[in-house]
Amino acid sequence: MNLRLLLVLITALSFVAVGVTWFITNPTEETPEAEPPFFYTLSPDDLRRIEIDTGETTSSWSLREGTRRWYFDDLKDIPADLFRWGGITQLLGGPRTQRVLKQSIGDESLYGLDVPSATIKVTLRDGSNIKLVLGNLTPDEQNNYARIESFPQLVLVDATWGQVLERLVTEPPLPEWYYTIDGQPREIILFDNNEVVRAYGLDRETGLWSVCDLPLVTDPCTGSQLADNDTLNAELEHFGNPAIGGAVALNLSEDIDYEEYGTVVTSPYIAIRIENRTQQNVIEVTRLTMTIGNMTPDGESRYAVANETSDVITVDADWADRVLDLFFGELLVDNG
């Protein structure tokens, strides 16, 4: 081979080698997309208040530092139900599938953001606020159009995320002891000193209450003596609208913890059987219960435990005394 040609080839190969080495050691740099201000960048530990406005109703909750429980702002000493509330603060971290659809929204009415389906506002530990506005569903109904206040981007939020949060307003996460009677009362059993002292049962066919024979044999109980229906129904309406003052102790675990409140196994205890017939014509049975304890130091309330929860609450003293009349007052018999 000609020496000059060989030198040319060697020189060319050297330049190729330098180019390959430079490419390997200096790969193409991709400019990362700027991180939009998504909700999911928030730590659940930083949340201090949550407000959800569905357009028709607004509800809010605040964290109480001493208990590490979230409480309704518009109810006195009523915490959110732990089962329903579990995971809500993590959920408010936002769906990670959220993405930017447009860098600038333009006409908000095209996406339903001028009249939002919901507005979710959170207050952080440092006192700052972040507000997420949800608009219309996308055509496939899988996402909501959304924006974060003070930022121009149009983003998508998973539709189920918004539905779960809106349900906190339409179906508030009230604790189990914040009850109403939802269904047909069928039986009332009254215990004192851990023994049945009185009971009333409703006949499905006649719709009449009777005084149940003791000891109880059937479930629900029955008896041969008719009860005073009007008075008994009035007392059930009274019991179904409890005058609850709020929680005073949460998550008690041992019987001894209840002694200072007088809500122990020997205290007056009422159990009401509730029946609901499903669409499948099946009767579902639930029970409302309450243990009524001591008077509070101010004499205005009594301690109570409702629906077998581990929380001690207060109920208005007059309201509770009327319930106690079912135990110790006159037997509600039909004297007609």
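Numbers at a glance
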{"read-out": "Neighbours by Cβ (under 6 Å, 6+ apart or cross-chain): first from the range 157-184, more than 30 Å from Pro139 (Cβ to Cβ); second small (Gly, Ala, Ser) and surrounded by 15 or more Cβ atoms within 10 Å (Cβ to Cβ)", "value": "Pro173/Ala80; Trp177/Ala306; Thr180/Gly240; Ile181/Gly240"}
{"read-out": "Those residues of the range 261-282 which are of a type in the set (D, E, K, R) and in contact (Cβ under 8 Å) with a residue 12 or more places away in the chain, in sequence order", "value": "Arg273, Glu275"}
{"read-out": "Subset of the range 286-336 that is assigned to a helix (DSSP H, G or I) and of a type outside the set (A, V, I, L, M, F, W, C) - its residue that is nearest to Asp228 (Cα to Cα)", "value": "Asp325"}
{"read-out": "Flag for Ile181 being of a type in the set (Val, Ile, Thr), surrounded by fewer than 18 Cβ atoms within 10 Å (Cβ to Cβ) and on the phi < 0 side of the Ramachandran plot", "value": "yes"}
{"read-out": "All positions within the range 71-81 that are touching a residue at least 24 places away in the same chain (Cβ under 8 Å) and either among the small types (Gly, Ala, Ser) or not in a loop (DSSP other than H, G, I, E, B) (or both)", "value": "Phe72, Pro79, Ala80"}
{"read-out": "Checklist (1) touching a residue at least 24 places away in the same chain (Cβ under 8 Å); (2) not assigned by TED's automatic domain parsing to the domain that holds Gly207 applied to Glu141, failing item", "value": "(1)"}
{"read-out": "Matching residues, the range 104-126, being crowded, with 18+ Cβ neighbours inside 10 Å and not polar (S, T, N, Q)", "value": "Ile105, Tyr111, Leu113, Pro116, Ala118, Ile120, Val122"}
{"read-out": "Enumeration of residues in the range 205-218 that are exposed (fewer than 11 other Cβ atoms within 10 Å of the Cβ) and charged (D, E, K, R)", "value": "Glu205"}
{"read-out": "Residues being surrounded by 18 or more Cβ atoms within 10 Å (Cβ to Cβ), among the hydroxyl-bearing types (Ser, Thr, Tyr) and within 27 Å of Ala80 (Cα to Cα) - total across the range 130-178", "value": "1"}
{"read-out": "Pairs, first outside the structural domain of Asp230 (by TED's automatic domain parsing) in the range 190-209, second assigned to a strand (DSSP E or B) and surrounded by fewer than 19 Cβ atoms within 10 Å (Cβ to Cβ), C-beta under 8 Å, six or more apart", "value": "none"}
{"read-out": "Selection from the range 303-336 of residues that are among the β-branched types (Val, Ile, Thr), surrounded by fewer than 20 Cβ atoms within 10 Å (Cβ to Cβ) and in contact with a strand residue (DSSP E or B) (Cβ under 8 Å, 6 or more places away or on another chain)", "value": "Val333"}
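The values are calculated or read from the model by the stated rules, or taken from the named source; none is laboratory data. Given the structure is predicted, the values throughout are model-derived calculations rather than measurements. Neighbour counts run over all protein chains shown; Cβ positions are idealised from the backbone, glycine included.
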